[in-house]
Amino acid sequence: MTRIGNYTFYNCDNLDLSKSVSPDFFNKIQEIGDYAFAGCTSLKSIKIGACVSSIETGAFEPASLREIIVDEDNATYDSRENCNAIVETSADNIIVGCINSTILEGIKGISERAFYGSGMMKIVLPSTIEHIGELAFSGYSGNKDVFCSAPVPPVLDCDSYFTSWHSFHTGNFMFSYQTYAYILEEYIDVYTASWGQYSTITL
């Protein structure tokens with residue numbers, strides 16, 4: 001078997017890959033589909049093998065993950081400097097993270113839902129960050145502190161990427177949590193012009 005299809009193990013909340021599959025299973029997998037392991041709350045640790053070349057949106061559950069490793073021989077993805085995240089190497093883009101991840105200098109993008117539900121409340125973004133996808137840090141209740149040293153404000157796909165919940169999940173009862181963004185003084189004007197349009201972000 002070389003592909004795990006969309007929603008294959010969706011909401012299998014007792015799945016523990018360290019006990020449920022043979023040790024060489026992930027060494028042969030090449031593709032992991034949309035939401036393949038979403039909702040697998042017992043899945044705390046994953047190791048992406050050298051052959052994996054495609055990981056689709058929401059493939060894993062950031063809320064439960066504590067350890068993320070990518071085989072050093074993988075040509076498509078990496079977990080550089082033990083950052084506890086899956087990084088798309090060619091784009092310097094994090095596609096899956098967890099509460100224990102470090103967003104390293106050199107990272108340029110964070111994909112849609114990359115940290116969804118992870119509970120990361122203090123977010124430190126490097127000077128190299130350029131883009132943050134929809135709901136990247138959403139899905140967890142509470143105010144967030146974001147520290148960003150990028151001279152140019154990262155492009156946000158929508159204003160809800162820092163907020164705790166999205167209206168899709170809460171119907172008409174939108175929770176009102178705030179993001180406090182801390183910016184270097186010399187960049188405050190350009191951030192005000194860009195991020196200032198979002199009522200959920202206080203600069």
Residue hits (segment 47-72; open to solvent by 40 Å² or more (accessible area, probe 1.4 Å) and either of a type in the set (Phe, Trp, Tyr) or part of a strand (DSSP E or B) (or both)) are LYS47, GLU67, ILE69
Looking only at residues in segment 33-46 that are over 15 Å from ILE68 (Cα atoms) and touching a strand residue (DSSP E or B) at 6+ places or on another chain (Cβ under 8 Å), which one is surrounded by the most Cβ atoms within 10 Å (Cβ to Cβ)?
-> ALA36
Any chance you could count how many residues in segment 157-191 are open to solvent by 70 Å² or more (accessible area, probe 1.4 Å) and either of a type in the set (Lys, Arg) or modelled with pLDDT of 95 or more (or both)?
-> 5
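The values are calculated or read from the model by the stated rules, or taken from the named source; none is laboratory data. Predicted model, so just to flag it, every value in this text is computed and none were measured. All Cβ positions, glycine included, derive from the backbone under ideal geometry; neighbour counts span all protein chains shown. Ligands, DNA and RNA are stripped out before the accessible areas are found, and what is left, the full protein with its side chains, is counted by its heavy atoms. Shrake-Rupley method; radii C 1.70, N 1.55, O 1.52, S 1.80 Å.
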